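Data block below; observations after.
Each reported figure results from applying straightforward, stated rules to the coordinates on display, with no laboratory input. Everything numeric here is computed off the predicted structure, so don't read it as measured data. We place every Cβ from the backbone using ideal geometry, glycine too, and count neighbours over all the protein chains shown.
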Amino acid sequence: MPQEIKTRFAPSPTGLLHVGGLRTALYNFLFAKKHNGQYVLRIEDTDKARTVPGALENIIQVLKDFHLNSDGEPVFQSKRLDLYLKHANELIQKKAAYYCFCSQQRLEDLRKQQEAAKQPPRYDKFCLKLGEEEVQKKLQASEPHVIRLNVPANQQIRFTDLVHGEIKISTNDIDDQVLVKSDGYPTYHLANVVDDHDMEITHVIRGEEWIPSTPKHMLLYSAFSWESPQFAHLPLLLSKTKKKLSKREGDVAVQSFLEQGYLPEALLNFVALLGWNPKTEQEIFSLTELVEVFSFDKVNKSGAVFDLEKLDWINGLYIRKMDIKELFPRVVPYILQAGIKIDNYPKEFLEKVVALEQERLKKLSEIGDRVRYFFEEPKYDAQLLIWKKADKNVINQNLQKLLEFLKSTEPTEENIKKFIVDSDLKTGEVLWPLRVALTGLEASPGPFEIMNTFVLLPNGKQIILDRINRAIKLL
RNA sequence: GGUCCCAUCGUCUAACGGUUAGGACGCCAGGUUUUCAUCCUGGUAAUCCGGGUUCGAUUCCCGGUGGGAUCACCA
């Protein structure tokens, strides 16, 4: 019987979860679910100094927002220190690792020497030459020390990557990596390998930046006589400058995308297609659909630029196809954020206002300035009222005629169109100034839609008349 | 610099070794329209270079070039 597939997403709580991490989590999730396996969250919190308050909460919250919740409780490495130490000792017994008492100063000097000699910086195995007794004496005296991996010379390490195929590296190019730090905490390499084995992870799916350290991990697996999991190294997410996406090059925190009003569904859909392609012309996928079609043979090898324009497009698409009942509550916070007070307006009206802008929104955060005119008197230049090359006086007269007409009738599309025809006026010379009078904007929804919305207010018709009147005075 | 990874339109990407190199975003033009947006139609634009292998290379091999990642008591 084949072993159950188990993947893990293993971020460290050193900052807000970024979009690259989100995609890694997603692929881990997709692969596990596709094969009816498990996907778990593991928190790699072995660096006390770099832990950022709130980062853990952010990771968990964001994953929840995207429905990428861990199967079972998350694993915290900081709670498993004994396990790592136990295994580190085992490596020492097996002579696959050794104690190192070198000072930071010596390591630094060594590095400088090597750099000057144009050698790659590498630990020189100085402490490996220490005798057993000497080591014990130093340990007894509580001399600060670390535990290093004893990398053998002249060996070929090879592993098969699910996206890159076979990768091989000589052990001569691998440093004697620190496994346990002087504070007793394990480094990534040790904790990672021990946990992946202990948790029975079958597939390690992570970013391509980990390829160079994978041989170290292979060395550890073989030192422990453990079978290594399968590896899949994902292509990097790149900035416009083709560099690895990072905080330095703009805001990459998932949180900030959410705050700008990108929908989780849209962002997930977008990020799923970065570095992977289902080889159909379909572009829109739900999480469930992604699970169905996901596979590693369709994952690309080369990095993918994170293109905001396409994200905007896909986000707009999701916004457009959303039911207004669903969109409305999501958009309310952004309206409030724009300083617009909506307490005294009927919900029916507010929903209609949002619905009017629905097809124009790329991000929810754009809503505020788009609908402001519904709640505040618009400010605009009188010049804007004059349609194309129309005559100012004609516009003025048209608005006056329209105002008179509307005083005695309902402001419906049917009525106004009939009025235009009956009065032998030009459509644009009535509708354009009417629209501007109502909105003060160069671009907006049409005047009929806007009036149909205003009319939902008790004083809606009066607002319309007032604004037309004001436009006339402005001219 | 050492090691490793990668290479199709500006971007995301398709193409059993045989296609007019396809789709999407963006951009441009046209249509619908009072404006914008939506929607529809059309257009623009790519196989990094050089050798091989082959009847035939985007595709396979080698070299070059270019880009990237990584070389911590960080993950």
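Here are some notes:
- Normalised by the number of residues in segment A:1-119, the mean separation of alpha-carbon contacts (under 8 Å, six or more apart) gives a relative contact order of 25 percent.
- In the distance distribution for segment A:196-340, Cα-Cα pairs more than 23 Å apart total 51 percent.
- Across the alpha-carbon atoms of segment A:1-143, the computed radius of gyration and Dmax are 20.8, 56 angstrom.
- Rg(Cα)/(2.2 N^0.38 Å) for segment A:191-259, N = residue count: 1.43
- Computed log₁₀ I(q)/I(0) - Debye formula, equal Cα scatterers, no solvent, segment A:121-197, q 0.19, 0.22, 0.24 Å⁻¹: -1.00, -1.17, -1.24
- Loop-located trypsin sites (Lys or Arg not before Pro) in segment A:102-203 (DSSP state other than H, G, I, E, B) with a sparse environment of at most 15 neighbouring Cβ atoms within 10 Å: A:K118, A:R122, A:K125.
- Partner lysines for A:K242 [C-alpha distance under 17 Å; skip if fewer than 8 residues away on the same chain]: A:K301, A:K310
- Spatially proximal lysines relative to A:K94 (Cα-Cα < 21 Å; intrachain offsets below 8 disregarded): A:K86, A:K125, A:K129, A:K137, A:K138, A:K181, A:K216
- Using a simple spin-label model with pseudo-atoms 7 Å out from Cα toward Cβ, A:N172 and A:S408 lie 10.1 nm apart.
- Approximate spin-label separation A:S423-A:K118, in nm, with each point projected 7 Å along Cα-to-Cβ: 8.6
- 0 to 90° range, to nearest 10: angle between helix A:460-474 axis and chain A longest Cα axis: 80
- Segment A:E249-A:S295, length gained on full extension (0.36 nm per residue, minus Cα span): 13.5 nm
- Between segment A:395-457 and segment A:49-91, the alpha-carbon centres lie 61 Å apart.
- Dimensions of segment A:373-475 based on its C-alpha atoms, expressed as ranges along the principal axes with the largest first, amount to 35, 30, 22 Å.
- Taking all C-alpha pairs of chain A, those more than 42 Å from each other amount to 40 percent.
- D by Stokes-Einstein for segment A:118-276, Kirkwood Rh over Cα pairs, 20 °C, 1.002 mPa s: 113 µm²/s.
- Pairs exceeding 29 Å between alpha-carbon atoms, taken from A:K118/A:K298; A:K388/A:K417; A:K426/A:K473: A:K118/A:K298.
- For segment A:299-359, taking the reciprocal of the average inverse distance between every pair of different Cα atoms yields a Kirkwood hydrodynamic radius of 13.7 Å.
- Each residue, A:D391 and A:K94, gets one label point 7 Å from its Cα in the Cβ direction; the gap between the two is 9.6 nm.
- Stretch gain in nm, segment A:I284-A:W210, where the contour uses 0.36 nm per residue and the Cα spacing is subtracted: 23.6 nm
- Alpha-carbon centroids, segment A:244-317 and segment A:323-340: separation in whole Å: 24
- Computed over chain A: relative contact order in percent, which uses C-alpha pairs under 8 Å that are six or more apart: 13
- Cα lying deepest toward the dipole's positive end in chain A, options A:F66, A:V291, A:W276, charges on Cβ: A:W276
- The trypsin sites (Lys or Arg not before Pro) of segment A:23-58 meeting both criteria, a DSSP state outside H, G, I, E and B (loop) and at most 15 other C-beta atoms within 10 angstrom of the site's C-beta, are A:K48, A:R50.
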